[in-house]
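Right, one structure below, let's go through it.
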Amino acid sequence: MNPEYAVSAALGRPLWRRWLICFLCGAIALAANAQTARIKRISLITPDLDQSIAFFTEVIDFTLDLDGVLPPSGEPFLGTIFNIDASRPIRRALLSTETESRGLFLIEHSKSPLPDHSQPTAVVTVVQVKNLEQTLARALAFGAPISHTEKDVTPEGVSFSEAMITSPGGHAILVYQVGGDGKN
């Protein structure tokens, strides 16, 4: 008797069927992990890069990875995206969280318009924090406007607390903490 067949017979399936099952399981696993899109990073224009770096590192707990100046025409597409003159040097910074490497790109532009608070907020950046109460206390100490804290439950039954902070550049930053009551 063929030893390979004996093992297959002992397992109750011919060898080709086991290989087919393994192949199908692998294909299903790959399909389940496939993504059609991924957010690479959030890019925000700010009139004062130093103040925005301080806000995101001191209040929201990002870490600064890169603070520098793009040379004239260093990234010409950047000018097209943000409707700014890329033929001049552009100061920018890249920041990370514990889980998102370089997930925030800050671009300094002295003439960037502040939002019109009489209009709906067009963009909100949502950031999970470890301790909402501490984050809001740091925001207040920084002088950043904050909203009241909302508590809710996800459709899956997980409680969370959230509040809005306005960055020095006028960006709406919704910070939230999963579980608990927003306090640690």
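What about Leu94, is it part of a strand (DSSP E or B) and either surrounded by 13 or more Cβ atoms within 10 Å (Cβ to Cβ) or in contact with a His (Cβ under 7 Å, 6 or more places away or on another chain) (or both)?
Yes; evaluated as a whole, the condition is true for this residue.
Can you pull out every residue in the stretch 126-183 that is in contact (Cβ under 8 Å) with a residue 40 or more places away in the chain, in a loop (DSSP other than H, G, I, E, B) and out of contact with any helix residue (DSSP H, G or I) (no Cβ under 7 Å at 6 or more places or on another chain)?
Selection gives Lys130, Asn131, Gly170, His171.
Quick one: would you say Ser101 is under 19 Å from the mean Cα position of the chain (by Cα), at pLDDT 90 or above, loosely packed, with under 13 Cβ neighbours inside 10 Å and farther than 20 Å from Ile45 by Cβ?
Yes.
Condition check: in the same structural domain as Thr166 (by TED's automatic domain parsing), at pLDDT below 95 and loosely packed, with under 12 Cβ neighbours inside 10 Å. Does Phe77 satisfy that?
yes
Keeping to the stretch 53-78, report how many residues are assigned to a helix (DSSP H, G or I) and within 23 Å of the chain's Cα centre (by Cα). So that I can check it myself, show each step before the final result.
Looking only at the stretch 53-78, we keep the residues that are assigned to a helix (DSSP H, G or I), and these are 53-59, 76-78.
This time we only want the ones that are within 23 Å of the chain's Cα centre (by Cα), so: 53-59, 77-78.
Residues meeting the conditions: 9.
Working only within the stretch 78-100, note down all residues that are touching a residue at least 24 places away in the same chain (Cβ under 8 Å) and of a type in the set (Gly, Ala, Ser).
Those that are touching a residue at least 24 places away in the same chain (Cβ under 8 Å) and of a type in the set (Gly, Ala, Ser): Ala93, Ser96.
The values are calculated or read from the model by the stated rules, or taken from the named source; none is laboratory data. All values reported here derive from a predicted model rather than from experimental measurement. Note that each Cβ is placed from the backbone with ideal geometry, even for glycine, and that neighbours are counted across all protein chains shown.
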